[in-house]
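Take a look at the structure set out below.
The values are calculated or read from the model by the stated rules, or taken from the named source; none is laboratory data. Keep in mind that this is a model prediction, so the values were computed, not measured. Cβ: placed from backbone, ideal geometry, glycine included. Neighbour counts: every protein chain shown. SASA here: full protein model, heavy atoms, side chains in, ligands and nucleic acids out. Shrake-Rupley method; radii C 1.70, N 1.55, O 1.52, S 1.80 Å.
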Amino acid sequence: MDFSAAEFAIEVAVNLRYCLKLVQPTPECIDLAELVLLRAQRYGEARIGDKSLLFAEAEDALAQATRLLEIELEYCSTRSMKSSCDQAA
């Protein structure tokens, strides 16, 4: 199956939307999700191009942005759980 940059970006966008619905996202979370989507688009474009250096850089940038978002989502999740516990008490 051939890689499609557009399909990849759409899949990332759907996954980001799902992740953000699981937590109460902070503004930083939203900003990082937008960064991940931008990096995913660049990754897709670089992957279909034949420039391996650009592809490697795009892949690293996407991985870094995804890791930052993961950290922020963990923070949001912990914050949401604490808020729920406080309300139940």
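In whole Hz, with x marking every Gly and Pro, tabulate ³J(HN,Hα) for the range 26-37 from phi via Karplus 6.51 cos²θ - 1.76 cosθ + 1.60, θ = phi - 60°.
3J(HN,Hα) across the range 26-37, in whole Hz: 7, x, 5, 4, 5, 4, 5, 4, 5, 5, 4, 5.
Using the beta-carbon distance between Asn15 and Ile48 and R0 = 22 Å, what value does 1/(1 + (r/R0)^6) give for FRET efficiency, to the nearest 0.05? Mind showing how you got there, number by number?
Working: r = 20 Å, r/R0 = 0.92.
Computed FRET efficiency for Asn15 and Ile48: 0.65.
Write down the Å³ per residue value for the convex hull defined by the alpha carbon atoms of the range 1-52.
Expressed per residue, the convex hull around the Cα atoms of the range 1-52 is 72 Å³.
Ignoring ligands, DNA and RNA, please state the percent of accessible area on the chain from carbon and sulfur, probe 1.4 Å.
57
Name the residues whose placed amide hydrogens come within less than 5 Å of the amide hydrogen of Ser4, ignoring near sequence neighbours (fewer than 5 apart) on the same chain.
none
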